[in-house]
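See below for the structure under consideration.
Derivation of every value follows stated rules applied to the coordinates shown; laboratory data play no part. Values in this document were obtained by computation on a predicted structure and should not be read as measured data. Positions of Cβ are generated from backbone atoms using ideal geometry, with glycine treated the same way; all protein chains shown enter the neighbour counts.
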Amino acid sequence: MRYMMNAMRMNLRRAAQYRASFLMQICSQIVMTGGDLWAMLMLLERYGRMGHWEGREILFFFGAMHLVFSVTEMINRGLGHFGSSIRSGAFDTMLTRPRRLLTQVLLSELDPRRVGTMAVGITAMAVATALIGIEWTVWKVLLLLWSMTATVCLMLGLFLLEAVICFFSVQSIEMVNILTYGGRQTCQYPVDLYPDFIRILFTYVVPVALCLQYPVSRVLGRPMAAGIPDGLLWLCPLAGPGFLALMTLFWCFGVRRYRSTGS
Amino acid sequence: MSEPLIRAEGLTKRYRRSTGGKGLTGFFGRSTETVDGLVDATFRVEPGEIVGLLGPNGAGKSTTVKLLTGILRPDGGSCSVGGLVPWRDRRTYTAGIGTVFGQRMQLWWDVPILDSFRLLRDIYRVEETAWKNRLDELAEALALGDLLNVPLRQLSLGQRMRAELCGSLLHSPKLLFLDEPTIGLDAVSKLNLREFLLLERERHGTTILLTTHDMADMQALCRRVLVLGHGRLLYDGSLHDILQRYDTRHEVRCRFAGEPVWQDIPSSVALRRDEGEWELSFAPHAIPADEVLRLILAAGRIEELTLKEAPVDEMVAEMYNALHLS
């Protein structure tokens, strides 16, 4: 626990070493995500609604997805750079330290700059809440928190998958990025707007819809045409932690292989 | 005889390396060959020893270190260090060892080294006062006092290496691994480092395993060496003895008052005139040194005399040659 706190402080201090660059990167990220938001608002202004979703509802989906993704990115940077950690020997160093490897990898690089995109996500959600006039109940808040946490797990699982691939191949495979960054771009909008194969991909293969969008649609008090049985609302997000657990097993397998094949 | 700290029996590690192949076949069906990292190495290390690993590049030194630090898992044989198996009991085991790799830094690059030391305190779960005392001791011995608040990236190479050493010793490990710790260091830094290591061992009984290509380091620190080549352990014993074996030529240079008269120079001694000085070179196993001295004394009145041993690097090169390592 103390290790965790201290590692966080350390990452903050590292960022603070380059204050100007830190602030500029936060700004640039706000501008980039803000650009996405802007484009969406333009579309919605032109068309008013998409499918059976109103503009302000889509704004809420957008905010939730970006908030989830920026929290993930804040944590997962160590996984994102895992290929270079193996090449530079930083991973060998972790092997000689008396802590869980995954803990060390995650804590080695936290990314405080993501507060910028987090702020954009939260703002979008807040504005949408006001526009829609959501009546918050304890259950709605809990459902939203649970589903967002589960989605962070899901995304971490994907980045973990990408990291494990580094054990087997020197080059990280861009395929996974289609699912992570592609997932973020796609799932800013409700999946039932998309053609079947994309909807199925992000519901059952990479279950962003199960973890996030389906519960969010219930928070908004709207049905979601994704073909998910209604009674399983609270269970659906389990797909996220489940996926992460599976990838953690895969990770352990990768570590075993690494230690028996050499560097 | 005390219980050995490190006990390795038949330790073996092989790597698979892809041989590439050509064109499309290389892309699809990749052929691999097996490379010996370490084969059937058996050795022991007693607590408090400083042992050097010696051998040309690719001989298996790093593999040995990686196996003993638990980074790699062997293909055969066994190894226990203080009753633990490095790769199996990784988290318990690594709490009691320290590692320094001259080729890469283990502290955090961007932050003051004190911050790194604090994080290491938490990683190794060192108790606060114990950590403080240890840090004071190490900072003094390594002259780090004024540098604690400087980020690692602003330190010179020598300062960085001292900081690395400090970091690797904060949790008071009983066993320290040093992989080429003096690489790139200037003479003064090297001397300080050696002095520090000897002091550390004297104070805390730390066992040290060291790889280096710097023979002066070896001579200053290690009484015992393991010589590796092509993944095999070729020699385990005193550094002095193995060097003697390959100490093929000694040289004596002398200057005489007046012209010397050489008598009965045997064929095992090569005599050469160099400006105003004379140089005699001989193989110590062919003719004893005192015999050579007697010849010199008989030749005339000596003004100056120096005895040169063959440089250690040459002896090592000779040894690698004899062992077919080069």
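Residue check: is A:Ala64 within 14 Å of chain B (Cβ to nearest Cβ) and of a type in the set (Gly, Ala, Ser)? So A:Ala64 does not fit the description; no. Name the residues in segment B:277-303 that are over 16 Å from B:Val261 (Cβ atoms) and exposed (fewer than 11 other Cβ atoms within 10 Å of the Cβ), would you? Selection gives B:Asp290 alone. Quick one: in segment B:34-50, which of the residues that are surrounded by fewer than 18 Cβ atoms within 10 Å (Cβ to Cβ) and assigned to a strand (DSSP E or B) is nearest to the other protein chains (Cβ to nearest Cβ)? Among them, the one singled out is B:Val35.
Only one residue in A:Arg14, A:Arg56, A:Arg49 is within 14 Å of chain B (Cβ to nearest Cβ) and either loosely packed, with under 12 Cβ neighbours inside 10 Å or not hydroxyl-bearing (Ser, Thr, Tyr) (or both), so which one is that? Write out each step before concluding.
On the way: A:Arg56 fails: within 14 Å of chain B (Cβ to nearest Cβ); A:Arg49 fails: within 14 Å of chain B (Cβ to nearest Cβ).
Exactly one residue qualifies, and that residue is A:Arg14.
The residues of segment A:122-164 that are under 26 Å from A:Gly48 (Cβ atoms) and among the polar types (S, T, N, Q), listed by number, are A:Thr123, A:Thr129. From the list A:Asp111, A:Asp92, the lone residue that is within 23 Å of A:Phe22 (Cβ to Cβ) and within 14 Å of chain B (Cβ to nearest Cβ) is A:Asp111. The number of residues in segment B:290-326 that are among the hydrophobic types (A, V, I, L, M, F, W, C), in a helix (DSSP H, G or I) and under 28 Å from B:Asp214 (Cα atoms) comes to 6.
Taken over segment B:51-76, the criterion of being more than 10 Å from chain A (Cβ to nearest Cβ) and either farther than 17 Å from B:Leu228 by Cα or in a loop (DSSP other than H, G, I, E, B) (or both) is satisfied by B:Gly55, B:Pro56, B:Asn57, B:Gly58, B:Ala59, B:Gly60, B:Gly76.
Against the definition (in a helix (DSSP H, G or I), of a type in the set (A, V, I, L, M, F, W, C) and farther than 30 Å from B:Arg91 by Cβ), how does A:Leu12 come out, yes or no?
No, not satisfied.
Of the residues making up segment A:159-177, those that are surrounded by 14 or more Cβ atoms within 10 Å (Cβ to Cβ) and assigned to a helix (DSSP H, G or I) number 11. On inspection, B:Leu138 does not qualify as aliphatic (A, V, I, L, M), assigned to a helix (DSSP H, G or I) and within 14 Å of chain A (Cβ to nearest Cβ).
Restricting the first member to segment B:147-166 and to residues that are in contact (Cβ under 8 Å) with a residue 24 or more places away in the chain, and the second to residues that are of a type in the set (Ser, Thr, Tyr), the beta-carbon pairs closer than 9 Å and six or more apart or on different chains are B:Leu152/B:Ser116; B:Leu157/B:Ser189; B:Gly158/B:Ser189; B:Met161/B:Thr182; B:Met161/B:Ser189; B:Arg162/B:Ser189; B:Ala163/B:Ser116.
Given the criteria outside any helix (DSSP H, G or I) and either surrounded by fewer than 16 Cβ atoms within 10 Å (Cβ to Cβ) or more than 10 Å from the chain's Cα centre (by Cα) (or both), does B:Leu210 qualify? Step through it out loud before you land on a result.
On the way: outside any helix (DSSP H, G or I): yes; either surrounded by fewer than 16 Cβ atoms within 10 Å (Cβ to Cβ) or more than 10 Å from the chain's Cα centre (by Cα) (or both): no.
No; evaluated as a whole, the condition is false for this residue.
Looking only at residues in segment B:83-118 that are crowded, with 18+ Cβ neighbours inside 10 Å, among the aliphatic types (A, V, I, L, M) and closer than 14 Å to B:Pro151 by Cα, which one is farthest from the other protein chains (Cβ to nearest Cβ)? Once the filter is applied, the top-ranked residue is B:Ile113. Taking the criterion of being under 14 Å from B:Leu107 (Cβ atoms) and in contact (Cβ under 8 Å) with a residue 24 or more places away in the chain, the residues of segment B:119-138 that qualify are B:Leu120, B:Arg121, B:Tyr124, B:Leu135, B:Leu138.
I'd like to check something: does segment B:250-262 contain any residue that is of a type in the set (Gly, Ala, Ser), in contact with a Lys or Arg (Cβ under 6 Å, 6 or more places away or on another chain) and loosely packed, with under 12 Cβ neighbours inside 10 Å? The answer is yes, given that some residue of segment B:250-262 is of a type in the set (Gly, Ala, Ser), in contact with a Lys or Arg (Cβ under 6 Å, 6 or more places away or on another chain) and loosely packed, with under 12 Cβ neighbours inside 10 Å.
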